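One structure is given here, and the rest of the page talks about it.
The values are calculated or read from the model by the stated rules, or taken from the named source; none is laboratory data. Computed from a predicted structure; not experimentally measured. Here Cβ is always computed from backbone atoms with ideal geometry, including for glycine, and neighbour counts include all displayed protein chains.
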Amino acid sequence: MARHIFFISDGTGITAETVGMSLLTQFDLYDFEYSTLPYIDTPEKAEMVLGQIAGAFHKDGEQPIVFSTLMNPEVSKVIAKCPGVIIDAFAHFIPRLEEALGLKASGQAGKSHSVKSPDQYHARIDAVNFTINTDDGLHPDYYKIAEIILVGVSRSGKTPTSIYMALNFGIKCANYPITQDDLDHDEIPKVLKDYTGKCFGLTIDPVRLNQIRTQRMADTNYATLKQCEKEVRATEAIFREYKIPMLNTTQLSVEEIATRIVSEKGLQRSPR
């Protein structure tokens, strides 16, 4: 079954997407089609959105689901006329918070993703720069100031996880790829020996690794199932020998991988 989902906001739309996608994970029988419409901050823009929602309704024969984080009452009034099911992410919570805090909400759009603390913002930017500079084994001399070093075979999820942790958690995360050259020595790479306490291993099912590598470098030894199995098993053996915690990333999203690592290592997440 197909159903169109709209995320509408007078800001970036990130909050509407985050709330909506979190809720929709509980309904896996539908084939959803998504549209994110940010900066709908005037009644005129809202009128244009009505046409898009109506078009989706006539096309699918089902009411679209509309996740809204609109703060402007005039804009919300226009969107309320749409032929969709509106789920307002703020309507239920803000009145209760106003009552509990004894304050009126500011009503400003985009507040959830604005820079609240310049120091925290710059800390995240520094973490991102650090992660980019140490990606894929670059600048191992920086490991002394790394908060964590992700280690694993090529295509096990190290780079996207590192960037996510830096951008969202403000964590200085380096990553190092275990290669066949490293495995020929049957021990942890020399550049990591002094930092095993900072290391966290990522592993992956060899069959899935074979699929990923084949998409990128088909017809190479690097992509064969035999090579994938050899690398994964040897790398896992190194993790066990040096007591490096590891996580299988096969069925996990980047968000899940990052959150589990931060929790297991007890790392401090920087507030956004």
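A few comments on the model shown:
- Per-region count, region 224-256, residues surrounded by 14 or more Cβ atoms within 10 Å (Cβ to Cβ), modelled with pLDDT under 95 and assigned to a helix (DSSP H, G or I): 1
- The listed residue being among the small types (Gly, Ala, Ser) and touching an Asp or Glu at 6+ places or on another chain (Cβ under 8 Å), out of SER156, SER162: SER162
- Considering (1) within 14 Å of SER76 (Cβ to Cβ); (2) in contact with a helix residue (DSSP H, G or I) (Cβ under 8 Å, 6 or more places away or on another chain), the lone condition that ALA16 does not fulfil carries the number (2).
- Single match in THR159, THR196 (criterion: more than 22 Å from THR250 (Cα to Cα), in a helix (DSSP H, G or I) and not basic (Lys, Arg)): THR196
- Flag if LYS59 is modelled with pLDDT of 95 or more and either surrounded by fewer than 18 Cβ atoms within 10 Å (Cβ to Cβ) or under 31 Å from the mean Cα position of the chain (by Cα) (or both): no
- Pairs, first part of a strand (DSSP E or B) in region 130-150, second buried (at least 17 other Cβ atoms within 10 Å of the Cβ) and aromatic (Phe, Trp, Tyr), C-beta under 8 Å, six or more apart: ILE148/PHE200; ILE149/TYR143; ILE149/TYR176; ILE149/TYR195; ILE149/PHE200; LEU150/TYR176; LEU150/PHE200
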